[in-house]
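Derivation of every value follows stated rules applied to the coordinates shown; laboratory data play no part. Everything numeric here is computed off the predicted structure, so don't read it as measured data. A quick note on method: Cβ atoms are made from the backbone with ideal geometry, for glycine too, and the neighbour counts reach across all protein chains shown.
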Amino acid sequence: MTSITIDQVRRQVEADAKTYGYYLTPQQDLLQMFSEGLKTNEERYGYPLCPCRLATGNLDLDRDIICPCDYRDPDVAQYGACYCRLFVNKDVYESQNLPEVPERRPIEKQQRAYGLPIAQQPSQGENEKTPTPQQAKTVGVKKRLWYCKQCGYVVYREDPPYICPICKAKRELFAEIDMKVEFNG
Amino acid sequence: MTSITIDQVRRQVEADAKTYGYYLTPQQDLLQMFSEGLKTNEERYGYPLCPCRLATGNLDLDRDIICPCDYRDPDVAQYGACYCRLFVNKDVYESQNLPEVPERRPIEKQQRAYGLPIAQQPSQGENEKTPTPQQAKTVGVKKRLWYCKQCGYVVYREDPPYICPICKAKRELFAEIDMKVEFNG
Amino acid sequence: MTSITIDQVRRQVEADAKTYGYYLTPQQDLLQMFSEGLKTNEERYGYPLCPCRLATGNLDLDRDIICPCDYRDPDVAQYGACYCRLFVNKDVYESQNLPEVPERRPIEKQQRAYGLPIAQQPSQGENEKTPTPQQAKTVGVKKRLWYCKQCGYVVYREDPPYICPICKAKRELFAEIDMKVEFNG
């Protein structure tokens, strides 16, 4: 479907890194590998899924791990790099020491996406809310209108971002817009 | 009405280029000419209309060609430069070879704005939907709430942007927010 | 409550300056002082209140003076620096001459926040609408959905921003989204 070149992918992540004051990984072979992974995912799913994660092909379930993923900003703030180590901060870029970055994606989102009992959680027999892989393709998620109490930025998502892309307020400063409206989405 | 200096215009386009990882045209005489054009349009219409296009003076009809115009991002991605060649990518900036960039603005939007039969389209006699230049001043357009399915970014426009300004998702990833609300705008 | 290091504060304002094409104050002692002030306010109030202003501790009333404050962009455009002189433009950065920047925050917002008759305004006896400092903690403000007529950007705030963070349109290009909805917030 969508055709995109490695160069376009590279330019996009470069520009995105600059916007946030980040750097791309100093390891050129990793950068090349990630660019190819993003290109492949873009062509396969229609969106640049994180090359270090597993897609379901259902945009609603994969949304949080599309690059730049929801977890990049808090990960760079805390560890100096995102989960993939594609985006790093200045210190990591200059030292070239890539840190270990644990998976921040909540276990419930992993479980919902892949329909598998997760090893870290004790199995609780049948979990009615976890869709099987077959069902995952058509599952939707409930979206709401959130706003940043600091700058007013509005998003329509299941849950608010970790960091406001406009004013960099943290997630706790987001609240739901409280209005009498029925959303059908 | 609004007073703005050439320096302010220049600083604004410079900052905007940086944000997106773009460069300004390497030809200093063009840059000077565009800055003057943007200043003139800002003072004449109240908004910095693209210096390479024709205004109607009706913001609703001119909206897509206010600088940075709706077409800049897909044009820089595809051709390395916007229609004006004010914004260019790194390759074009370094090579100094400005590419030809065809007009991406849809024929229907040109027609709606200028109320003229467009040469490329065969004339179909009277077109009831095309306003005459006199009518154009007061015509409004139907706006809707759209959201980016990738990052949740919300816009209130006639149609979604070509590229999400927050996460750079492409237009196909925008959808209308489906809710029971009557918009009066 | 929230723990944040001086380094994180510094990196955040640096990235934010870059995004908008601004520079941080060239005076290193000021930069250090502001970073400490922002860290202190973040820990005390849960948000990085401008280190040059007085907090009420009520987010709704303090919102416009959280860094980067509402007034930064028009101040840098007009004077070359924000009220604090933390963010400056290129000319100021290079000349190292920090300009005087008058307080742009409207007198009504100062009055509402601090519940004090303001010296510049003639006293009009009892002002029923001005909350006392005790009341200020619980006062809310009426928020509305605004959109940028240039790019469609949507915010949920008491009043629109001075400059659109997406397309840099000025405040006059924002309008309320006119729809039949009751907001409870």
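So the values come out like this:
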item	result
Euclidean distance between Cα centres, region A:43-83 to region C:12-62, Å	30
Amide proton proximity set for A:R144, modelled H, under 5 Å, gap of 5+	A:R157, A:E158
Taking C:V9, A:V76, C:V88, B:V181 and counting other C-beta atoms within 10 Å, the order from fewest to most	B:V181, C:V9, A:V76, C:V88
Proximal aspartates and glutamates to C:K18, defined as alpha-carbon separation beneath 14 angstrom and excluding residues fewer than eight positions away on the same chain	A:D16, B:E14, B:D16, C:D73
10 Å Cβ neighbours from other chains, averaged over peptide B:44-57	1
Shielding of B:88-99 by partner chains, average beta-carbon count, 10 Å	1
Total formal charge among the other residues, if their Cβ is under 11 angstrom from that of A:R11, Lys/Arg +1 and Asp/Glu -1	0
Whole-Hz couplings from phi, Karplus 6.51/-1.76/1.60, listed for region C:168-175; x for Gly and Pro	6, 5, 7, 3, 4, 8, 8, 9
Residue order, fewest to most beta carbons within 10 Å, for A:Y83, C:Y114	C:Y114, A:Y83
Sequence-distant residues sharing a close amide H with B:Y153 (under 5 Å, placed H)	A:Y156, B:C148
On Cα atoms only, tilt of C:28-45 relative to the major axis of chain C in degrees	30
HN-Hα J in Hz across region C:16-22 - Karplus 6.51, -1.76, 1.60, θ = phi - 60°, x for Gly and Pro	5, 4, 4, 4, 9, x, 9
Karplus 3J(HN,Hα) series, Hz, for region A:64-75 with 6.51 cos²θ - 1.76 cosθ + 1.60 (x for Gly, Pro)	6, 10, 7, 6, x, 6, 4, 8, 4, 5, x, 5
Amide H within-cut-off set for B:F174, under 5 Å, with H built and near neighbours excluded	B:K149
Chain B, dipole about Cα centre (Lys/Arg Cβ +1, Asp/Glu Cβ -1), debye to the nearest 20	340
Residue-averaged [θ]222 nm for chain B, counting only DSSP H segments that reach four residues, each worth -39500 (n - 2.57)	-9500 deg cm²/dmol
Farthest positive-ward along chain C dipole, Cα basis, beta-carbon charges - from C:G140, C:L24, C:Y79	C:G140
For residues of B:141-152, the mean tally of beta carbons on other chains within 10 Å	6
Long pairs among B:K168/C:K143; B:K143/C:K180; A:K142/C:K149, criterion Cα-Cα beyond 24 Å	B:K168/C:K143; A:K142/C:K149
Electrostatic dipole magnitude of region B:69-114 [Cβ: Lys, Arg +1; Asp, Glu -1; Cα centre; debye, to 20]	180
Proxy reagent accessibility, fewest Cβ within 10 Å first, across C:Y153, B:Y20	B:Y20, C:Y153
Relative packing of peptides A:26-35, A:56-65 - highest average C-beta neighbours within 10 Å first	A:56-65, A:26-35
